[in-house]
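Enquirer: First the structure, then my questions, so here it is.
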Amino acid sequence: MKLIWLIFFQAGSIWVAWFTETVLDGNLSSFWTIQPSTRNSWLVNKLLKLRGEVYNWIKLRIGNGNTARFWTDNWSPFGSLQRFLVNDSNFSLGVQDEATVSSLFRHDRWLLPHPRSEKQLQLHVFLTTIALSTEEDHYE
């Protein structure tokens with residue numbers, strides 16, 4: 001667990017820089033989506049397998065929304081939106097897998113279709129409380 005803490009909160013470490021660049025291809029949010037691989041060490045694959053246990057502890061606070069992945073990062077009160085909306089009939093909402101929060105907000109409005117389920121309505125209501133800023137997104 002300490003290694004996962006290092007990945008998200010100790011960016012100055014050489015190990016974290018190596019892990020982020022080599023394993024996660026330079027994107028910390030990839031930690032939630034990258035799959036274990038035979039090219040990885042035992043330790044790296046073990047960390048990837050622990051993701052589900054630590055997901056709820058690592059919250060991404062939205063600033064400008066540029067690095068927050070809409071579907072997989074833990075930035076909303078619903079956790080992973082992919083899991084939250086999985087049983088909805090049109091759960092993808094026409095949003096690409098790699099979309100960021102900021103990519104879905106233009107000209108002071110959210111670029112999402114009208115809600116067609118109670119969960120989609122909950123998401124829309126929550127989005128009205130989000131105010132993107134010039135600050136970077138950051139993990140807490």
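The values are calculated or read from the model by the stated rules, or taken from the named source; none is laboratory data. Values in this document were obtained by computation on a predicted structure and should not be read as measured data. Methodologically, a virtual Cβ is constructed for each residue, glycine included, from the backbone with ideal geometry; neighbour enumeration extends over all protein chains shown.
Enquirer: Assess whether Glu118 counts as being loosely packed, with under 12 Cβ neighbours inside 10 Å and modelled with pLDDT under 90.
Expert: So Glu118 fails the test.
Enquirer: All but one of (1) among the aromatic types (Phe, Trp, Tyr); (2) in the same structural domain as Ala17 (by TED's automatic domain parsing); (3) surrounded by fewer than 16 Cβ atoms within 10 Å (Cβ to Cβ); (4) within 18 Å of the chain's Cα centre (by Cα) hold for Trp42, so report the exception by its number.
Expert: So the condition that Trp42 fails would be (4).
Enquirer: Given the structure, is Ala99 among the small types (Gly, Ala, Ser) and free of Cβ contacts under 8 Å to residues at least 24 places away in the same chain?
Expert: no
Enquirer: How do the pairs read when you match residues in the range 17-31 that are under 19 Å from Trp71 (Cα atoms) with residues anywhere that are basic (Lys, Arg) and part of a helix (DSSP H, G or I), using Cβ under 8 Å and keeping only pairs 6 or more apart or on different chains?
Expert: From the range 17-31, the pairs are Phe31/Arg51.
Enquirer: Here's another thing I want to ask about it. Could you list, in sequence order, the residues of the range 45-74 that are in a strand (DSSP E or B) and crowded, with 20+ Cβ neighbours inside 10 Å?
Expert: Within the range 45-74, Leu60, Arg69 meet the criteria.
Enquirer: Which numbered condition trips up Gly26, out of (1) assigned to a loop (DSSP other than H, G, I, E, B); (2) on the phi < 0 side of the Ramachandran plot; (3) out of contact with any Phe, Trp or Tyr (no Cβ under 7 Å at 6 or more places or on another chain)?
Expert: (2)
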